[in-house]
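Asker: Handing you a structure now.
The values are calculated or read from the model by the stated rules, or taken from the named source; none is laboratory data. Computed from a predicted structure; not experimentally measured. Cβ coordinates were reconstructed from backbone atoms using ideal geometry, including for glycine residues, and neighbour counts include every protein chain displayed.
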Amino acid sequence: MKTTRELYCQYLLSSQINYTCTNLADHVEELDHNSVYRYLKFDKLTPRLVWEKVRPLLVYSPEGCLIFDDVVLEKEHSFAIEGVRKQYSGNRHKVIKGIGVVNCVYCNPDTEQFWVIGFRLFDPDRDGKSKHDHVADMLKSAGHRGIVCQTALIDSW
């Protein structure tokens, strides 16, 4: 079996803890972790691609809101993955090695639905941007895309 973008994205949406190639392969019959590795090496999931897939599914509300949140994808045993750095994890309540991601989610409180509409990798050593810079970029992008919202919510970083 070959790893596809759809399969990998479904895995990311359903997995709450373990995002490894071997974990995906362990849960899909006839899938080899090398197939997942090759897919990840040559395919790129970009914020633009996420938006293109989500845009036709969005259901706007006059009460809608944008939610900005960060997460650290733990990479404690990694020594050579680009973007891995020491940073504070709210889940672990300590500094860990990992990849920082800032997410933008649209929430429709009328239907109680949520859609990830954007993300940015938090890698200030490479791009010089803070988490707040990434939020500002995504907020600006949401405005250009015509996203209707009444409120924007953000963690206190």
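Asker: Out of everything in segment 64-97 that is among the hydrophobic types (A, V, I, L, M, F, W, C) and in contact with a Cys (Cβ under 8 Å, 6 or more places away or on another chain), what residue ends up being nearest to residue 151 (Cα to Cα)?
Answerer: 65
Asker: If residue 138 meets every condition in (1) touching a residue at least 24 places away in the same chain (Cβ under 8 Å); (2) in a strand (DSSP E or B) apart from one, which number is that one?
Answerer: (2)
Asker: Limited to segment 141-157, what total is found for residues that are part of a strand (DSSP E or B), out of contact with any Leu (no Cβ under 6 Å at 6 or more places or on another chain) and of a type in the set (A, V, I, L, M)? If you could, list the steps in order and put the result at the bottom.
Answerer: Of all residues in segment 141-157, those part of a strand (DSSP E or B) come to 151-154.
Keeping just the survivors that are out of contact with any Leu (no Cβ under 6 Å at 6 or more places or on another chain) gives 151, 153-154.
Cutting the leftovers down to of a type in the set (A, V, I, L, M) gives us 153-154.
Final tally of qualifying residues: 2.
Asker: Tell me which of these residue 36 doesn't satisfy, since it passes every other one: (1) assigned by TED's automatic domain parsing to the domain that holds residue 5; (2) of a type in the set (A, V, I, L, M); (3) in contact (Cβ under 8 Å) with a residue 60 or more places away in the chain.
Answerer: (3)
Asker: Which residues, counting only those in segment 2-33, are in contact with a Phe, Trp or Tyr (Cβ under 9 Å, 6 or more places away or on another chain), in contact (Cβ under 8 Å) with a residue 24 or more places away in the chain and within 20 Å of residue 121 (Cα to Cα)?
Answerer: The answer is 5, 8, 19.
Asker: I need a count of the residues in segment 53-80 that are hydrophobic (A, V, I, L, M, F, W, C) and loosely packed, with under 13 Cβ neighbours inside 10 Å.
Answerer: Total meeting the criteria: 4.
Asker: If I ask for residues that are charged (D, E, K, R) and on the phi < 0 side of the Ramachandran plot, which ones from segment 93-122 would you list?
Answerer: If we filter segment 93-122 for residues that are charged (D, E, K, R), which is where we start, we get 94, 97, 110, 112, 120.
Listed by number, the residues that qualify are 94, 97, 110, 120.
Asker: Only residues that are part of a helix (DSSP H, G or I) and under 19 Å from the mean Cα position of the chain (by Cα): list them for segment 101-135, please.
Answerer: Within segment 101-135, 124, 126, 127, 131, 132, 133, 134, 135 meet the criteria.
Asker: Evaluate segment 84-94: report whether one residue or more is among the β-branched types (Val, Ile, Thr) and either buried (at least 16 other Cβ atoms within 10 Å of the Cβ) or assigned to a loop (DSSP other than H, G, I, E, B) (or both).
Answerer: yes
Asker: Whether any residue in segment 41-48 is under 17 Å from the mean Cα position of the chain (by Cα), surrounded by 15 or more Cβ atoms within 10 Å (Cβ to Cβ) and under 16 Å from residue 115 (Cβ atoms) is what I want to check.
Answerer: yes
Asker: From the list 78, 61, which one is part of a loop (DSSP other than H, G, I, E, B), touching a Pro at 6+ places or on another chain (Cβ under 7 Å) and not charged (D, E, K, R)?
Answerer: Only one candidate qualifies: 61.
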